[in-house]
Amino acid sequence: ASLLMAVSTRNSRLRLLVRHPQLTGVALWGISHLLLNGDNRSVALFGGMTLWALIEIVAISKRQGVWIKGDAPSWGAEGLTVVIAAITVGVVIYVHPWLSGVPVSW
């Protein structure tokens, strides 16, 4: 999900496969949290965000019509995108207990 969020603002080869990377990242984030948390509050929050993202993917795709793909970036740019996503994941894991009150569990 973090890689897809990073891809949404950068040119990437993954962007050639996924039309809406940011919304897809939100959906994956929500699904992963639903698999780990089954209480009512989690289902309402993460289920709602996942449902919203999936509905938006369909609505935006229908509104925009045919998907025109761009050119593939260099491998250096691709590597930088992966590094940005890895740093983002590290920061999120570090601040997760302070943001949500729950440590990251594997």
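Couple of notes before you dig in:
- Residue check: Leu35 meets all listed conditions (1) within 19 Å of Val89 (Cβ to Cβ); (2) surrounded by 17 or more Cβ atoms within 10 Å (Cβ to Cβ) but one, namely (2).
- Within the range 53-72, considering residues that are part of a helix (DSSP H, G or I) and in contact (Cβ under 8 Å) with a residue 12 or more places away in the chain, the one surrounded by the fewest Cβ atoms within 10 Å (Cβ to Cβ): Ile60
- Residue match in the range 3-10 (condition: farther than 22 Å from Pro103 by Cα, touching a residue at least 12 places away in the same chain (Cβ under 8 Å), among the polar types (S, T, N, Q) and in a helix (DSSP H, G or I)): no
- Comparison of Leu45, Leu36, Leu28 shows that the only residue that is in contact (Cβ under 8 Å) with a residue 24 or more places away in the chain, of a type in the set (A, V, I, L, M, F, W, C) and more than 19 Å from Ser8 (Cα to Cα) is Leu36.
- Of Arg10, Arg19, Arg15, all but one fail to be buried (at least 18 other Cβ atoms within 10 Å of the Cβ), closer than 25 Å to Ala86 by Cα and within 15 Å of the chain's Cα centre (by Cα); the exception is Arg15.
- Matching residues, the range 95-104, being open to solvent by less than 90 Å² (accessible area, probe 1.4 Å) and assigned to a helix (DSSP H, G or I): Val95, His96, Pro97, Ser100
- Candidates Val43, Val92, Val83 - the one that is open to solvent by 60 Å² or more (accessible area, probe 1.4 Å), assigned to a helix (DSSP H, G or I), over 19 Å from Val18 (Cβ atoms) and in contact with a Ser or Thr (Cβ under 8 Å, 6 or more places away or on another chain): Val92
The values are calculated or read from the model by the stated rules, or taken from the named source; none is laboratory data. In this text, all values refer to a predicted model and were calculated from it rather than measured experimentally. Reconstructed Cβ throughout: ideal geometry from the backbone, glycine too, with neighbour counts over all protein chains shown. The accessibility values were calculated without ligands, DNA or RNA, using every heavy atom of the protein model including side chains. Shrake-Rupley method; radii C 1.70, N 1.55, O 1.52, S 1.80 Å.
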